[in-house]
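Below is one structure, written out as structure tokens, with a few remarks after it.
The values are calculated or read from the model by the stated rules, or taken from the named source; none is laboratory data. Small disclaimer: the values here were computed from a predicted structure and weren't measured. Backbone-built Cβ (ideal geometry, glycine too); neighbour counts: all protein chains shown.
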């Protein structure tokens, strides 16, 4: 693969282009927020139309972000593994290395016809942030404080709404609960040693409560759980690196599990998701050597 130029003029031009693209995307996002706020007028009379408007708004903006990254900034997205049925309700679980993981998932959601139906588990404080945070408030995203006792009722009530109103969904969950960082990995490895568990080297062990609540709360509404592993060739990029086109190729490996194949009890589900992350760890270890997540 040809390396990008490192000349001063190219670097300055690339930064300028990235800032312009970022400004355009943010300006359009604020326009989307205005449409979303206007849709509140419809909510008391037609909740289904209200949700459809907001889904289309989100899908349009996220699709634009995906196009900018993949076509304008020439980031190659390699997808391997299972195919995903079009427009099925599915819970997405993924490893988390960087904020770049979020737009990295857009192509998969777009191909599955669910880019406007993504429901993110996000930090509660984000709902006060103009643009993305405000937009997610209108999409029934799940704002959490990472305190299960504080979050439990809110999560269950949101899931009940999805089920009761038959809302199309693609809930997006990073079970590790935080981005993978060396100091966090070190703490996880210490816990593994104390519990006589195999140590991971590329992922953190998942926090299972959100996953268990999602599966148990949405049985009958979800058709599958989709396990996504993300790998980046070279250094893991930041969100700005992705907008600059520095991450020239990223890989997504898909494993689809029909709901009928998932275990029934909370304890079994915990063991299941932990096994998924041990598998991710081995897959990412091979990826460092082969630049392929397949196999």
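Values as computed for the structure displayed
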| read-out | value |
| --- | --- |
| Condition check for residue 122: closer than 20 Å to residue 32 by Cβ, in a strand (DSSP E or B) and in contact with a helix residue (DSSP H, G or I) (Cβ under 8 Å, 6 or more places away or on another chain) | yes |
| Filter result (closer than 27 Å to residue 248 by Cα and either over 10 Å from the mean Cα position of the chain (by Cα) or in contact (Cβ under 8 Å) with a residue 60 or more places away in the chain (or both)) within the range 112-121 | 112, 113, 114, 115, 116, 118 |
| Answer residue from the range 250-292, given it is under 18 Å from the mean Cα position of the chain (by Cα) and not in a helix (DSSP H, G or I) and is farthest from residue 227 (Cα to Cα) among those | 250 |
| Condition check for residue 211: buried (at least 19 other Cβ atoms within 10 Å of the Cβ), in contact with a helix residue (DSSP H, G or I) (Cβ under 7 Å, 6 or more places away or on another chain) and touching a residue at least 24 places away in the same chain (Cβ under 8 Å) | yes |
| Contacts under 9 angstrom Cβ, first residue in the range 224-235 being without any contact (Cβ under 8 Å) to a residue 60 or more places away in the chain and on the phi > 0 side of the Ramachandran plot, partner surrounded by fewer than 23 Cβ atoms within 10 Å (Cβ to Cβ) and part of a loop (DSSP other than H, G, I, E, B), 6 or more apart | 234/246; 234/248 |
| Residue within the range 249-268 that is touching a residue at least 24 places away in the same chain (Cβ under 8 Å), farther than 25 Å from residue 211 by Cα and surrounded by fewer than 18 Cβ atoms within 10 Å (Cβ to Cβ) present | yes |
| Residues within the range 68-82 that are at pLDDT 95 or above and in a helix (DSSP H, G or I), tallied | 0 |
| Pairs, first on the phi < 0 side of the Ramachandran plot in the range 147-167, second assigned to a loop (DSSP other than H, G, I, E, B) and exposed (fewer than 14 other Cβ atoms within 10 Å of the Cβ), C-beta under 8 Å, six or more apart | 151/145; 163/220 |
| Pair list, Cβ under 8 Å, 6 or more apart: the range 87-111 residue at positive phi, other residue assigned to a loop (DSSP other than H, G, I, E, B) and crowded, with 22+ Cβ neighbours inside 10 Å | 87/114 |
| Residue 108, sole failed condition from (1) surrounded by fewer than 18 Cβ atoms within 10 Å (Cβ to Cβ); (2) under 18 Å from residue 66 (Cα atoms) | (1) |
| Filtered residues of the range 188-204 (kept if modelled with pLDDT of 95 or more and closer than 23 Å to residue 148 by Cα) | 203, 204 |
| Matching residues, the range 182-202, being in a loop (DSSP other than H, G, I, E, B), more than 24 Å from the chain's Cα centre (by Cα) and closer than 19 Å to residue 284 by Cα | 197, 198, 199 |
| Residue satisfying all of: in the range 122-136; touching a residue at least 60 places away in the same chain (Cβ under 8 Å) and either crowded, with 16+ Cβ neighbours inside 10 Å or touching a strand residue (DSSP E or B) at 6+ places or on another chain (Cβ under 8 Å) (or both); farthest from residue 223 (Cα to Cα) among these | 131 |
| Residues satisfying the stated conditions in the range 35-51, i.e. in a helix (DSSP H, G or I) and surrounded by 12 or more Cβ atoms within 10 Å (Cβ to Cβ) | 35, 36, 37, 39, 47, 49, 50, 51 |
| Among the residues listed as 179, 146, the single one being surrounded by fewer than 19 Cβ atoms within 10 Å (Cβ to Cβ), modelled with pLDDT under 90 and in a loop (DSSP other than H, G, I, E, B) | 146 |
| Residue check, residue 12 over 27 Å from the mean Cα position of the chain (by Cα) and in a helix (DSSP H, G or I) | yes |
